[in-house]
Amino acid sequence: MIQRTLETLSFDNTYARLPQAFYARLNPTPFSAPPYVVHANPVAAGLVDLDPEQLTRPEFAELFGGNALAPGMEPLAMLYSGHQFGVYVPQLGDGRAILLGEATNERGERWDLHLKGAGMTPFSRDGDGRAVLRSTIREYLCCAAMQGLGIATTQALCLVGSDDKVYREQVETGAMLVRMAPSHVRFGTFEVFYYRKQHEHLRTLADYVIDQHFPHLRDVSEKYAKFFTEVVERTARLIAQWQAVGWAHGVLNTDNMSILGLTMDYGPYGFMDDYDAGFICNHSDHNGRYAFNQQPYIGLWNLSCLAQALLPLSEKEALKAGLEGYQSLFDQEYQTRMRAKFGLVERQTEDDELIRDFLGLLQGSHADYTIVFRELSTFSSAEGTVNETLREHFLNRDRFDEWALRYRDRLRSEQSHDDERRDRMNRVNPKYVLRNYLAQVAIEKAQNKDFSEIDRLFTLLQDPFKDQLGMEAYALPPPNWGKHLAVSCSS
Ligand code: AMP
Ligand code: MG
């Protein structure tokens, strides 16, 4: 097994070999105050064969605080555009992030090291190129949480702070985050060349992405349509997972949609506390365009933008067919996930209704999504049991009792064993999620230079399905102050 140092990281920067129109080359702009590591992720380090001992070297903070470069890095800011809240914006691009390089590992995988908060770039528009400690902690922890939940995501290698001030609604502390992904190409990376009528660049980009990430499609006929169909599949699967775990992204613009179907660009996201289908986690989303229950539809809308951008490369009908597959793929994936949350193994026609009615009960009772599903695993299907602890979560007990009878019959119809079912359910219904208030506590401590809570949450969320000793408090509903915290786009 290779263990690399910061000096011997291995780079192969394929994006830097693409036409110059795809990016702007530039180095990160360091903070003026010295950078310090707030937290570093040894698992992510392992993805690029980096020896975990490297994470504590002063050079690590220098490198990922934007003060230095490692041999072989070729920093650049990527160009893209996208539809923001339904409106096409002709140029976005990495306004505060820099692709430092593509580190390769022993298995031949390539990982982008992307430094967020690295200063102004030609794509910064009115922004200052910076990120704040608050938002980078939220991103850092949510990457770990998603990874722990088994949901595809960009990863975070480390979080580096500085005493530099950054101005948002108030004065905040600056920070940088190293994001890792096999690719940071977005739907908007395709859109920019389509709308600029640079169809040669569009083809180059599509060929590049296929070559790097969909190699089985390199030489097939109708490869662009087939590539699109795979993006549809990945996107449908991803959003179904978000829906099942009760997570909202908050800013599902096409520039925040990964071509690999990864959760990316964490901003005002939220795990639901009380179940509310119309949950809007982004305080600035006044019309609820990106409300929780809109996400499946927005996924389709965003994919239709991508299809549009691919029109110069493919027959319209083939792209349309790909798009038309979205709904059934989503439904299938969502139902599979939800059935598992109820511990159901077989697929029966009444399941949809059983699931919908349960969600309706949760909504009417303002019941906590994560807690109730976790508790559902204790459901006893024995004759005459009232399932009292579970029942207490519901305001309308009669309606719960009616539902419980249906659920019991449904479980019996597939000879479900309570004990086995409980174990099965506890492997898909997390005990711990990154509730907004938990992140908030970690942020407030970190703003006073106490990073212990970040570490605690990081460890906890890596294994969200297992009961963890002494961590009961982290599985409770939020305290009153921690409900409905306003999280805006400002980051
Ligand atoms: P977001 O909504 O965070 O995905 O960002 C949308 C666009 O604004 C992207 O092009 C970002 O790079 C850019 N952006 C966001 N914040 C800043 C900032 N503080 N400085 C420069 N550009 C930014
Ligand atoms: Mg973005």
### Task
Output the residue which, of all residues in the range 91-107 that are open to solvent by 20 Å² or more (accessible area, probe 1.4 Å) and among the charged types (D, E, K, R), is nearest to ligand 1 (Cβ to nearest atom).
Arg96
### Message
Considering only residues that are open to solvent by 10 Å² or more (accessible area, probe 1.4 Å), of a type in the set (Gly, Ala, Ser) and assigned to a loop (DSSP other than H, G, I, E, B), which ones fall in the range 289-314?
### Response
Ser314
### Top-ranked residue in the range 35-85 [being on the phi > 0 side of the Ramachandran plot and under 23 Å from the mean Cα position of the chain (by Cα); ranked as farthest from ligand 1 (Cβ to nearest atom)]
Phe85
### Task
Using the structure shown, decide if Tyr88 is among the aromatic types (Phe, Trp, Tyr), more than 9 Å from ligand 1 (Cβ to nearest atom) and within 30 Å of Phe451 (Cβ to Cβ).
no
### Query
Looking at this structure, is Gly267 on the phi > 0 side of the Ramachandran plot, in contact with a Cys (Cβ under 8 Å, 6 or more places away or on another chain), assigned by TED's automatic domain parsing to the domain that holds Val209 and modelled with pLDDT of 95 or more?
no
### Query
Do we find a residue being under 17 Å from the mean Cα position of the chain (by Cα) and more than 16 Å from Leu457 (Cα to Cα) anywhere in the range 119-137?
no
### Query
Restricting the search to the range 258-280, which residues are within 16 Å of ligand 2 (Cβ to nearest atom), open to solvent by 10 Å² or more (accessible area, probe 1.4 Å) and not charged (D, E, K, R)?
Leu260, Leu262, Tyr266, Gly267
#### Entry: Among residues of the range 205-225, those that are touching a residue at least 60 places away in the same chain (Cβ under 8 Å), closer than 20 Å to Leu323 by Cα and not in a loop (DSSP other than H, G, I, E, B), counted
3
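Each row is one residue, and each column tells you yes or no for (1) away from ligand 1 (no atom under 16 Å from the Cβ); (2) among the aliphatic types (A, V, I, L, M); (3) modelled with pLDDT of 95 or more.
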position: Tyr290; (1), (2), (3): no, no, yes
position: Gln308; (1), (2), (3): yes, no, yes
position: Glu317; (1), (2), (3): yes, no, yes
position: Ala321; (1), (2), (3): yes, yes, yes
### Query
Thr254: more than 16 Å from ligand 1 (Cβ to nearest atom) and either more than 13 Å from the chain's Cα centre (by Cα) or surrounded by 22 or more Cβ atoms within 10 Å (Cβ to Cβ) (or both), yes or no?
no
### Task
Pick out the one residue from Glu53, Glu7 that is out of contact with any strand residue (DSSP E or B) (no Cβ under 8 Å at 6 or more places or on another chain), acidic (Asp, Glu) and closer than 30 Å to Leu461 by Cβ.
Glu53
### Message
Looking only at strands (runs of 3 or more DSSP E) that lie completely in the range 108-204, which have at least 3 residues being open to solvent by less than 20 Å² (accessible area, probe 1.4 Å) and within 16 Å of ligand 2 (Cβ to nearest atom)?
### Response
110-116, 171-181
### Task
Look at the range 223-274 and say how many of its residues are more than 20 Å from Tyr208 (Cβ to Cβ) and touching a Phe, Trp or Tyr at 6+ places or on another chain (Cβ under 6 Å).
11
### Query
Got at least one residue in the range 142-165 being within 15 Å of ligand 1 (Cβ to nearest atom) and without any contact (Cβ under 8 Å) to a residue 40 or more places away in the chain?
yes
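The values are calculated or read from the model by the stated rules, or taken from the named source; none is laboratory data. For clarity, every value in this text was computed on a predicted model and none was experimentally measured. Note that we place each Cβ from the backbone using ideal geometry, even for glycine, and neighbour counts take in every protein chain shown. The accessibility values were calculated without ligands, DNA or RNA, using every heavy atom of the protein model including side chains. Shrake-Rupley method; radii C 1.70, N 1.55, O 1.52, S 1.80 Å.
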